[in-house]
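Worksheet: one structure, shown below.
The values are calculated or read from the model by the stated rules, or taken from the named source; none is laboratory data. Model, not experiment: these values are computed from the prediction. Don't worry about glycine lacking a Cβ; one is built from the backbone with ideal geometry, like all the others, and counts go over all protein chains shown.
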Amino acid sequence: MLIGLVGAPSSGKSTFFSAATLIDVPIANYPFTTIEPNKGVGFVRVQCVDKEFNVQCNPRTGYCKNGTRFVPVELIDVAGLVPGAHEGKGRGNAFLSDLSRADVLIHVVDASGSTNEKGEPLPPGSHDPSKDILFLEEEIDYWFLGILQKNWDRIVKKPFESKSALLEGIAQILSGVGATETIIGTVLAKTGLTEKKLGNWSEEDKKNFATTLREVSKPIVIAANKMDIPIAEQNLKKLKEKFPEKPIIPCSGFAELALKKAAKEGFIEYQAGSKEFTEKKELNKKQQTVLNTIRETVLKKFESTGIQDCLDKTVFELLGFIAVFPAGVHKLADAKGNILPDCILMPSNSTTLDFAFKLHTDMGKGFIKAIDVKTKQMVGKEHVLKNRDAIEIIFKK
C-alpha cells in the first residue's frame, strides 16, 4: 500500500510528511521546496491483540505502545502541484507520474488561506482553500483524460471480442495510473458506459470516465492543515459545508512535528494521535510557550493534531482495510522468539486463502486449513476475515 501526499506548494505537505515519518526533509515557505519525491514510513493504529492472550508483543516492524499497535505504511510526498500541472507546468507531468503507484491520496490543504494556488505567501484568510480542493481534482482528471485521449484511436480501432478483453485492453493503456481490470469495470458501471460502444463515446463521456476513474482509483482524504492559525477553524467549517461528502480532517503538521521532536528528545511523553502530552523535563521559556500554544490552539480544540487521524482514516475507512495477526494456537512467537511479531493489513472481505498468499506464496499454494486462534475454531479457505483476527495457516510444505 502506498499513500500519496499531494497539494499546492507551501500547503504544509513536507511538514506533514516529516511529522508522520520523522524524516528530515527541506521545509520552507516558497514553491518547489520539494523537487524529487520523498519516501518514508508512517504508521496506522490498531488495538493490539496481545492482552487477549495475556502476553506482551514484540513487533518485527512498527511498534506497540500502551496496547496500541503502530503498523507501518509507505508514504510518498511529491512536489506541490500548480494549476496547469497536467500540461507540464511546474514540472507537473513528472510530479503526477510520481503518484501513479499511489493507492490513495491525502490532499494537504492550507486551511488558513495564507498561500495562494502557486504557493506564494499571503496574509492568513486571503485565499479560499476550497479552490485548492477543486483544482487538484481537476488536474488529476485532466491528467487521466489526456492519457485516454492520447490513446483513444488505438483503443477504438482494436476489436474486442468480449467484455473481459475490453477491460483488459483499457486497463493496459491506463496501467500507468494504477488502473486494473477490476477498477475499469467499476468505472464503466458507475458511468453507465458499460454497454455503450467506444466509438460512440462523446467528449463528455470521456471526461466523466476520467473523473470517475480518479474517484475510484485515487480516493482522497482532505487534510485541512495549519489549524494552529486561528482563521483556519472558520475556514474548516466552510469547507465541511461546501463539501459534505468529502472526508475532511483538521490537522497541524507543525504541532505534530514539534510534539514528536520534543518526545524524541525526552522533554515530554507523547503518543501519536493523543490529545495530551506530559512534561518530563524542565523546559525553557521558548519551549514552554510553543508547547502551551499547541495545547491551547490545537489539542484542546481538535483533540489531536490530526496527522495520525488522517493516516488511520485513509487506511481503515477510505480504503476499508483490516488488520490481521499471524499467530499459532500453541505458539505465538516466531523462530526468533518475537511474540506476535507481525500485523498484516488486508483489504476488506479478504479470505484466509488471501491471507495465506499474502504471508507467502507457498502457504497459499499448499493451503490445507486455517485456525482462528482466539476461538480455536478451524476455518476454511473461503472464510472472510475480520479486523483484529489472529489466524494460523496450516499448509503442505
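For the reader, a short list of remarks on this structure follows.
- Qualifying residue in the range 6-21 (condition: outside the structural domain of Leu345 (by TED's automatic domain parsing), at pLDDT 90 or above and part of a loop (DSSP other than H, G, I, E, B)): yes
- In the range 46-59, the residues that are more than 14 Å from Ala323 (Cβ to Cβ) reach residues that are assigned to a loop (DSSP other than H, G, I, E, B) and of a type in the set (D, E, K, R) with C-beta atoms within less than 9 angstrom, at least six apart or across chains, in these pairs: Phe53/Lys374.
- Residue in the range 294-306 that is in contact with a strand residue (DSSP E or B) (Cβ under 7 Å, 6 or more places away or on another chain) and basic (Lys, Arg) present: no
- Filter result for the condition that a residue is closer than 30 Å to Lys226 by Cβ, out of contact with any helix residue (DSSP H, G or I) (no Cβ under 8 Å at 6 or more places or on another chain) and among the aliphatic types (A, V, I, L, M), over Leu319, Leu299, Leu345, Leu359: Leu319
- Of all residues assigned to the range 378-395, at least one qualifies as being of a type in the set (Phe, Trp, Tyr), in contact with an Asp or Glu (Cβ under 9 Å, 6 or more places away or on another chain) and over 16 Å from Phe53 (Cβ atoms).
- Taking the criterion of being in contact with a helix residue (DSSP H, G or I) (Cβ under 7 Å, 6 or more places away or on another chain), within 28 Å of Leu318 (Cα to Cα) and part of a strand (DSSP E or B), the only residue of the range 380-397 that qualifies is Ile391.
- Pairs with Cβ under 9 Å, 6+ apart, first in the range 213-229 and in contact (Cβ under 8 Å) with a residue 24 or more places away in the chain and closer than 30 Å to Ile183 by Cα, second aromatic (Phe, Trp, Tyr) and part of a loop (DSSP other than H, G, I, E, B): Ile222/Phe243
- Glu241 being without any contact (Cβ under 8 Å) to a residue 60 or more places away in the chain and farther than 19 Å from Asp141 by Cα: yes
- Evaluation of Gly113 against (1) within 21 Å of Leu319 (Cβ to Cβ); (2) of a type in the set (Gly, Ala, Ser); (3) modelled with pLDDT of 95 or more (one fails), failing number: (1)
- Filter result for the condition that a residue is within 21 Å of Ser100 (Cβ to Cβ) and touching an Asp or Glu at 6+ places or on another chain (Cβ under 7 Å), over Thr180, Thr211, Thr186: Thr211
- Test: residue in the range 133-145 that is outside any helix (DSSP H, G or I), surrounded by fewer than 18 Cβ atoms within 10 Å (Cβ to Cβ) and charged (D, E, K, R): no
- Some residue of the range 227-247 being of a type in the set (Val, Ile, Thr), crowded, with 16+ Cβ neighbours inside 10 Å, in a strand (DSSP E or B) and out of contact with any Asp or Glu (no Cβ under 7 Å at 6 or more places or on another chain): no
- Checked against (1) assigned to a helix (DSSP H, G or I); (2) in contact with a strand residue (DSSP E or B) (Cβ under 9 Å, 6 or more places away or on another chain), Val221 meets all criteria but (1).
- Residues that are in contact (Cβ under 8 Å) with a residue 60 or more places away in the chain, under 18 Å from Gly320 (Cβ atoms) and touching a Phe, Trp or Tyr at 6+ places or on another chain (Cβ under 9 Å) were ranked within the range 339-397; the one that is surrounded by the fewest Cβ atoms within 10 Å (Cβ to Cβ) is Asn387.
- Top-ranked residue of the range 37-84 - restricted to ones that are under 21 Å from the mean Cα position of the chain (by Cα) and among the aromatic types (Phe, Trp, Tyr), ranked as farthest from Gly273 (Cα to Cα): Tyr63
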